[in-house]
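Input: a single structure, listed below in structure tokens.
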């Protein structure tokens, strides 16, 4: 008996053991431990009442009639805004263009269950980090808009529940967000948003193809690069350096795969520096020496790209914005192969694709640094990719909005 109690204590702890003793003494059934679930505190979730209200099963959103206007009031419903985010960087590009063509822009902040942000806090970040001056309002004050964009899966629930029957609802889709999670509740809730009936504008063709399988209409824009920032103005002189887009807290960036590949590379080429950027890595115990650069501005990134022979860049969902910037800088992107990357970028010969496996990625890095005349090769690449302007994409997105919203004259 004592042996059984000791074993129970070791395996299950004191509370289970006490319940077993009480069961033996009283003959009553074991009490079950009650796990209280507070739906309001689950991380990165829409409000529970918004999920319940978003009844796309019985009341799928239907696009309203087109309107007779030239200048539109365009709202963007955003989750709380952080500094240096790729998603908001891309949104800010299109917002600036739409503003320059006279359209009136308002941001509305939708709190998820992790972060609360006031409109004043959001305005300050948009102005300082993304250099856009727009009206920012609380979502409960939503009014007088012609067009509204959901910008993430949580915000899609809030946009679905906006009651204005004349409102044209769009979904600005920059990634396949269900894949941000394991297959579970959040995966299915994110996936459901593609069935709401909104018109999608997606970052590249891969997402348009994905959304079509849900019956979602959409169009896409191509990626660009700020050539005036990234293209070298002086002759290229590469250093013995490899860059790594290190985002440990972003699962889709394959951080662990990258670390293993770089460790293999470093063992083969110990004289090469490895420079991390994208996140502050000072709290991480990396198994080789590296340079920690953290989150950087475009000009600082351009210097890293121009100095580095190659950049390890992993994208396991939609492709990153970085490959075209790297090519314009004369830096070879070493990337995982897959439709998510090639469908958007096309079969660009100067991107070094490899299987998403440490040995394959390390081998590809080694192939690049072993090239003769690295500086000449880098110069050729930089000159070849000098026309990746964002301007065509800006125009296309405005044309999509006008096509879907405004009556043709």
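The values are calculated or read from the model by the stated rules, or taken from the named source; none is laboratory data. Everything numeric here is computed off the predicted structure, so don't read it as measured data. We place every Cβ from the backbone using ideal geometry, glycine too, and count neighbours over all the protein chains shown.
When you check residue 265 against the structure, is it under 29 Å from residue 392 (Cα atoms) and either in contact (Cβ under 8 Å) with a residue 24 or more places away in the chain or touching a helix residue (DSSP H, G or I) at 6+ places or on another chain (Cβ under 6 Å) (or both), yes or no?
Taking the combined requirement at face value, the residue does not satisfy it.
Which one of the conditions (1) under 18 Å from residue 235 (Cα atoms); (2) over 19 Å from the mean Cα position of the chain (by Cα) does residue 326 fail to meet, given that it meets all the rest?
Checking residue 326 against (1) under 18 Å from residue 235 (Cα atoms); (2) over 19 Å from the mean Cα position of the chain (by Cα), the one that fails is (2).
Count, please, the residues in the range 300-321 that happen to be farther than 16 Å from residue 232 by Cα and in contact with a strand residue (DSSP E or B) (Cβ under 9 Å, 6 or more places away or on another chain).
10
Considering only the range 340-409, give the helices (runs of 4 or more DSSP H) lying wholly within it that have at least 3 residues that are closer than 30 Å to residue 102 by Cβ and under 25 Å from the mean Cα position of the chain (by Cα).
The qualifying helices (runs of 4 or more DSSP H) are 391-405.
Of all residues in the range 139-176, how many are in a loop (DSSP other than H, G, I, E, B) and more than 29 Å from residue 343 (Cα to Cα)?
Of the residues in that region, 12 qualify.
Got a number for residues in the range 232-263 being surrounded by fewer than 18 Cβ atoms within 10 Å (Cβ to Cβ), at pLDDT 95 or above and within 29 Å of the chain's Cα centre (by Cα)?
Going through the range 232-263 one residue at a time, the tally reaches 3.
Does residue 302 qualify as being assigned to a loop (DSSP other than H, G, I, E, B), under 22 Å from the mean Cα position of the chain (by Cα), more than 16 Å from residue 175 (Cβ to Cβ) and assigned by TED's automatic domain parsing to the domain that holds residue 261?
Here the answer is no, as residue 302 does not meet what is asked.
Select, from 74, 81, the only residue that is crowded, with 16+ Cβ neighbours inside 10 Å, touching a residue at least 24 places away in the same chain (Cβ under 8 Å) and under 18 Å from the mean Cα position of the chain (by Cα).
Going through 74, 81 in turn, just one is crowded, with 16+ Cβ neighbours inside 10 Å, touching a residue at least 24 places away in the same chain (Cβ under 8 Å) and under 18 Å from the mean Cα position of the chain (by Cα): 81.
Just name the residue that is surrounded by the most Cβ atoms within 10 Å (Cβ to Cβ) out of those in the range 157-176 that are without any contact (Cβ under 8 Å) to a residue 60 or more places away in the chain and under 21 Å from the mean Cα position of the chain (by Cα).
Across the range 157-176, the extreme among qualifying residues is 173.
Does residue 374 fit the bill of being out of contact with any helix residue (DSSP H, G or I) (no Cβ under 7 Å at 6 or more places or on another chain) and either assigned by TED's automatic domain parsing to the domain that holds residue 237 or modelled with pLDDT of 95 or more (or both)?
Yes.
Can you pull out the residues in the range 197-215 that are assigned to a loop (DSSP other than H, G, I, E, B), at negative phi, surrounded by fewer than 21 Cβ atoms within 10 Å (Cβ to Cβ) and touching a helix residue (DSSP H, G or I) at 6+ places or on another chain (Cβ under 8 Å)?
214 - this is the single residue of the range 197-215 that is assigned to a loop (DSSP other than H, G, I, E, B), at negative phi, surrounded by fewer than 21 Cβ atoms within 10 Å (Cβ to Cβ) and touching a helix residue (DSSP H, G or I) at 6+ places or on another chain (Cβ under 8 Å).
Please find, within the range 109-140, the residue that is surrounded by the fewest Cβ atoms within 10 Å (Cβ to Cβ) out of those that are without any contact (Cβ under 8 Å) to a residue 24 or more places away in the chain and in contact with a helix residue (DSSP H, G or I) (Cβ under 9 Å, 6 or more places away or on another chain).
Within the range 109-140, the match that is surrounded by the fewest Cβ atoms within 10 Å (Cβ to Cβ) is 133.
Restrict the check to the range 307-323 and report whether at least one residue is modelled with pLDDT under 95, in contact with a helix residue (DSSP H, G or I) (Cβ under 8 Å, 6 or more places away or on another chain), under 22 Å from residue 231 (Cβ atoms) and surrounded by fewer than 22 Cβ atoms within 10 Å (Cβ to Cβ).
Yes, the range 307-323 contains at least one residue that is modelled with pLDDT under 95, in contact with a helix residue (DSSP H, G or I) (Cβ under 8 Å, 6 or more places away or on another chain), under 22 Å from residue 231 (Cβ atoms) and surrounded by fewer than 22 Cβ atoms within 10 Å (Cβ to Cβ).
Given (1) modelled with pLDDT under 95; (2) over 29 Å from residue 386 (Cβ atoms), identify the lone condition not met by residue 161.
Every listed condition holds for residue 161 apart from (1).
In the same structural domain as residue 310 (by TED's automatic domain parsing), within 23 Å of residue 224 (Cα to Cα) and either surrounded by fewer than 20 Cβ atoms within 10 Å (Cβ to Cβ) or under 25 Å from the mean Cα position of the chain (by Cα) (or both), is that true of residue 334?
yes
Counting only residues that are without any contact (Cβ under 8 Å) to a residue 12 or more places away in the chain and closer than 23 Å to residue 85 by Cα, which one in the range 283-297 is surrounded by the most Cβ atoms within 10 Å (Cβ to Cβ)?
297
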